[in-house]
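Note sheet for the following structure.
Nothing in this text is a laboratory measurement; each read-out follows from the coordinates by a stated rule. Please read all numbers here as calculations on a predicted model, not as lab measurements. Don't worry about glycine lacking a Cβ; one is built from the backbone with ideal geometry, like all the others, and counts go over all protein chains shown.
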Amino acid sequence: MWGEQAASPTVNGRLRVRAAGGVVLVAVAASLVSGPARAGRSPAPNAAPTTTLVPTTIPPPTSTAPSTVAAVPTGPTTTVAPLPAPENESVDPVRLLVPSITVVAEALTDEADRQTAIVTALAAPSHTVAVEAAPGTLCALVPVAAPLMAEGRWERNGQPVRTTPEQRRDPPGYGDCFTNDNGEAFSDGVYQYVAIGPTGATSGAATVVVGSEPLVAWFVNNGDEPVCLVLVSPEPADFYEANDTDSPLLPGEAIAITLADVDHDVRVFGCPPDEAVASFQIAPEPQIYVEMFDADDEPPAPTSLPPTSVAAATTTTTT
């Protein structure tokens with residue numbers, strides 16, 4: 001949705017390579033191609049948060065520079081009628097939402113400042129995977145194609161820390177910013193944002209690991225069948241993120257995924273991606289290859305980069 005660009009030394013998502021001659025060097029990047037991550041690892045607890053956030057609606061794109069965005073009016077607002085609840089979880093449109101996260105160094109407590117941060121992030125979208133310096137504000141960006149009802153939930157290490165109430169969400173989408181009540185920077189941990197529909201269905205997860213550097217790990221299909229989906233999740237988190245291939249990842253090919261420098265759980269799916277064909281944990285290191293399958297059913301061990309050449313290297317950022 002955000003467009004496509006030719007691959008460069010910086011990897012913003014995934015590169016597919018075919019085993020051949022030559023050597024590929026991978027630069028560390030800080031964003032991750034992510035599709036709907038609807039494979040929640042475990043039911044999230046229903047702990048009631050102590051406070052809630054009022055979400056900010058993303059305004060339609062304009063030519064106005066982000067620094068000149070006007071403050072949100074404080075006068076009376078018009079009540080928007082809620083929408084009827086979907087029949088069941090499988091048809092809840094929240095399942096199609098794919099949020100992303102942007103980090104802001106300052107603690108933004110003024111609504112006009114949050115509005116500016118959201119517009120700025122919307123103009124140059126990226127998916128922040130990890131950040132070493134503790135941010136003051138986290139903002140989730142949630143594109144919406146058609147009106148729907150949804151609440152929002154922020155988690156830290158799998159535990160809810162903030163929610164936004166269920167309300168109508170209209171196109172083109174909305175932003176949900178999170179600042180600590182005391183204005184302090186966020187402590188280290190895995191933070192995730194998910195939208196939740198009236199039926200309990202969840203959106204894709206947007207993840208950021210605070211206190212960790214981002215790095216690129218290469219996952220090679222060393223099996224006999226194609227791979228169409230790789231789910232990854234930092235070990236303390238509650239939801240996976242989906243990295244779907246543009247075309248089946250054939251035996252001998254690899255996918256480059258930007259991760260955080262923490263332990264991750266991994267699930268690999270065949271084609272079509274209706275059943276996991278491998279599951280393991282890794283401690284990623286930069287510029288390594290991780291074999292997806294192991295004959296002894298042991299966790300695959302990282303290896304040095306094998307001789308490779310780029311066959312069709314493109315980077316696609318999607319929502």
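If Lys and Arg each add +1 and Asp and Glu each add -1, what is the summed charge of the other residues whose beta carbon sits under 10 Å from the beta carbon of Val161? Write out the running numbers ahead of the final one.
Details: positive: Arg153, Arg156, Arg162; negative: Glu155.
Summing Lys/Arg as +1 and Asp/Glu as -1 gives +2.
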For region 171-212 and region 91-155, distance of Cα centres in Å: 7 Å
Additional length obtainable on full extension of the chain from Ala133 to Asn182, 0.36 nm per residue less Cα span: 15.8 nm
Two-site label geometry, Gln281 and Leu250: point separation in nm, points 7 Å out along Cα→Cβ: 3.6 nm
Table column - 3J(HN,Hα) (Hz), region 179-191, Karplus curve with 6.51, -1.76, 1.60, x for Gly and Pro: 10, 4, 4, 8, x, 6, 5, 6, 6, 4, x, 9, 9
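Can you put Leu215, Leu259 in order of Cβ neighbours within 10 angstrom, beginning with the fewest? Walk me through the intermediate numbers first.
Numbers: Leu215 21, Leu259 26.
Final ranking by Cβ density, sparse to dense: Leu215, Leu259.
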For Phe239, residues with placed amide H under 5 Å, excluding near neighbours: Arg41
Residues whose placed amide H lies under 5 Å from that of Gly173, excluding near-sequence neighbours: Ile58, Val144
Other-chain or far-sequence residues with amide H under 5 Å of Val277's (modelled H): Val268, Phe269, Gly270
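Quick check on the exposure proxy: order Asp224, Asp244, Asp188 from fewest to most C-beta atoms within 10 angstrom. Walk me through the numbers before you get to the answer.
Working: Asp224 7, Asp244 18, Asp188 13.
Sorted ascending by nearby Cβ count, the order is Asp224, Asp188, Asp244.
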Virtual spin-label span in nm between Asp263 and Thr120, 7 Å along Cα→Cβ: 3.7 nm
